[in-house]
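The values are calculated or read from the model by the stated rules, or taken from the named source; none is laboratory data. This one's a predicted model, so the numbers in the text were calculated from it and none came from an experiment. Here the Cβ positions follow ideal geometry from the backbone for every residue, glycine too, while neighbour counts run over all protein chains shown. What goes into the accessible areas is simple: the full protein's heavy atoms, side chains included, and nothing from ligands, DNA or RNA. Shrake-Rupley method; radii C 1.70, N 1.55, O 1.52, S 1.80 Å.
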Amino acid sequence: MYNCITVQPYTNLNQYQPCLLPAGNRNYTIVDKNKVDCFVSQKEAALPYLADILAHSNNESQIVETLHIVNEMLDNGVKGVDKMYPVLSRFNNTNSPNIQTYLAGIYRKTQVPDAFGPLVKMLIQNSLHPQTSNFDPNEEIGGAILSYISDRFRNQPQK
């Protein structure tokens, strides 16, 4: 059980139970809903801990799970996720379709201006060097790019 009053860091990596990445015919990630809900319920207070995981982890399952939590936080109106861009940008050059998909979804929701270029770069790199995956991360990446463009023009006065 997770302590939902304060974030308890993992002190032993052997205790870490990673999420299940897409595999076989399953094109979605399986996460521990109780764990996700625990972090989401802590709102902004959990962001430094999640940022620390993202800054230091090289474990794809742990990164994807953490990005999933951040994405859920955005869906629940948690403020300040856009301030995590310096940590999130660490993954801008990833080849992982799993990380790319979550990252693009987070960028779509936060609309951090610095993320637009990396999204375009991801889309181009994926087009030149397609990754084998259970799904197409370019759908989310392209959707994020279109969202940036749409929001940009929506907020411009008509001439």
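How much accessible area per residue does the chain have, counting only protein heavy atoms and a probe of 1.4 Å, in square angstrom? Mind showing how you got there, number by number?
Values: 9200 Å² over 159 residues.
Value for the chain: 58 Å² per residue.
Using a 1.4 angstrom probe on heavy atoms only, work out the carbon and sulfur share of the accessible area of the chain in %.
Within the chain, the accessible surface is 52 percent carbon and sulfur.
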Task: Crossing angle, helix 60-75 versus the chain [Cα axis fit, 0-90 degrees, rounded to tens] - done: 70 degrees
- [ ] Only loop residues by DSSP count here, and only those with at most 12 other Cβ atoms within 10 Å; note down the trypsin sites (Lys or Arg not before Pro) in segment 50-152 that meet that.
- [x] Lys79
TODO: Measure off 7 Å from each Cα along the Cα-to-Cβ vector at Asp114 and Gln131, then give the distance between these two points in nanometres to one decimal.
DONE: 2.2 nm
